[in-house]
Every structure is written in C-alpha cells, then in structure tokens.
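Engineer: Starting off with a structure, shown below.
Since every read-out is calculated from the coordinates, none of them should be taken as a lab result. The structure presented is a predicted model; accordingly, all values stated were derived computationally and were not measured. Cβ placement follows ideal geometry from the backbone for every residue including glycine, while neighbour counts extend to all protein chains displayed.
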Amino acid sequence: MINWRNTTHDWAGTVDTAHLKVVRSAPAEFAPGGVRHLVLEVLAYAAEEAESRGSGIAVVTRHADGSISVADDGRGTDTRVDAAGRTVKKPVMATKDLRFFDHPAAATLPDGHPRRGMSVVAALSEWLEHINRRANGSWRQRYEHGIPVTDLTPICDDGATGTTVHFLPTLRGPVDFRGLDFGPHLTVVLR
C-alpha cells in the first residue's frame, strides 16, 4: 500500500479516529443545515463519477426508520489488492478527504457550504452501510459513528456497478431535499 498513489484519501490507514472525533465534536460546523448537507456530501461523489462518465443517476431514499440511502450507478468505490492478496477499499468513510477537509478554498456544495468529504457523513451517523459494486466484485461494510465494525464482506455480484451509502444520521430535525441539483451530468431521483 505504501506505493499506492493518494489522490483523495490516504491508503496507508483505514481509520483516523482523531479526525472522526473532531467532526463529531462540531456537527454544526461540518454539517451546516443538518441532514440535507450530509446527503449533499454523498451526492457530490456520485456527481464526480457521473461527470467522468458523461452521465449518471443517484436515487435518494428516505426510509421509515429515519435512515437515508443514496445509490448511484457509477464504478463503485476504488478497491485494490494488497501484497497479501486481500481486497482493500479506499478509506473514504473513516479518513479525511485530502482534497477538501482542511482546505479553506474547498469546493462548495449546492447549499453554499464547503465540501468536507464522506467521513463527515460516517462520523455523524449512528450507523452507515457502504455497499460497493465494481467490475471485479462487490462488498459491504458497516460503520458506527465512523468506525468500521465489520470487515469488508463480499456480497453476491449481480453484474451492476455503483455505490450505495445507507445511513442513520445522529442529527435530527426536518429535512428539505429540494434543490439537490449537481448539474447536467447527475440525475437525482427522490423516493
């Protein structure tokens, strides 16, 4: 892993507990506007993927238990095989995004607030399930307050690719999902 190029996240670690603690200690700073901002953080990754491919779809679903899922039809989260032959997933949920988190000039989301990365969503969720479908296999992993509580678990491969992030936010209050627009490449469907 040492020779793996770091573009968005540092492949050398799987969990940055200090980073997650900082996010949990200041939810209003890292998720201004609450749950809507968390959904925008997830959609930003789907929008990047859609732009790189020319188009894409993301389905945002509110579940009866208060959880939310965002499922896209992209390539899935990057995975690699280490020297021991184990599949390793890019640590997007439990480490900071190197492009945005500590940068004052970070890209802004449609709500006008800075993009911080997927770890904000994981840290500010009671639980989060990350389902990852790639051309070379499919996996699931569960997190609680940003910390992985399961290993990367293979799941049945159905031939589709994409990422599903299903989470129960710790933030409460009304949620307005209008205006989840990420431009011409990503179509957002609300359910």
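Engineer: Identify, among A50, T153, A106, the residue whose Cα sits farthest towards the positive end of the charge dipole of the chain, taking +1 on the Cβ of Lys and Arg and -1 on the Cβ of Asp and Glu, with the dipole about the Cα centre.
Structural biologist: Of A50, T153, A106, it is T153.
Engineer: Only counting other Cβ atoms within 10 Å, I'd like T77, T17 sorted with the fewest neighbours first.
Structural biologist: Result, fewest neighbours first: T17, T77.
Engineer: Ok, one more. For region 46-51, what does the Karplus curve 6.51 cos²θ - 1.76 cosθ + 1.60, with θ = phi - 60°, yield as ³J(HN,Hα) per residue in whole Hz, taken in order and with x for Gly and Pro?
Structural biologist: 5, 5, 4, 5, 4, 5
Engineer: Assuming 0.36 nm per residue, please report the length gained on full extension of the stretch A107 to A84 beyond their Cα-Cα distance.
Structural biologist: Full-extension gain reported as 4.6 nm.
Engineer: Which label marks the calculated value of Rg/Rh (Cα atoms, Kirkwood Rh), given the options (i) 1.00; (ii) 1.06; (iii) 0.93?
Structural biologist: Label (iii) holds the value from this structure.
Engineer: Hey, got the dipole for region 17-190? About the Cα centre, +1 on K and R Cβ, -1 on D and E Cβ, debye to the nearest 20?
Structural biologist: In debye, rounded to 20, region 17-190 gives about 280.
Engineer: Rounded to a whole number of µm²/s, how large is the Stokes-Einstein D of region 43-91 at 4 °C and 1.567 mPa s, given Rh as the Kirkwood radius over C-alpha pairs?
Structural biologist: 102
Engineer: Please give me, ordered by residue number, the GluC sites (Glu not before Pro) of region 38-77 that lie in loop per DSSP and have at most 15 other Cβ atoms within 10 Å.
Structural biologist: Nothing satisfies the criteria.
Engineer: Once amide H atoms are placed 1.01 Å from N in the peptide plane, what residues at a sequence separation of 5 or more from T187, or on another chain, have their amide H within under 5 Å of its amide H?
Structural biologist: Long-range HN contacts for T187: G56, I57, A58.
Engineer: Roughly how far apart, in whole Å, are the Cα centres of region 144-191 and region 69-129?
Structural biologist: The two parts, judged by their Cα centres, are 11 Å apart.
Engineer: Additional query: Could you please rank K90, K96, placing first whichever residue has the fewest other Cβ atoms within 10 Å of its Cβ?
Structural biologist: Fewest-to-most ranking of K90, K96: K90, K96.
Engineer: Give me the extension gain from D181 to W127: residue separation times 0.36 nm, minus the current Cα-Cα distance, reported in nm with one decimal.
Structural biologist: 16.8 nm
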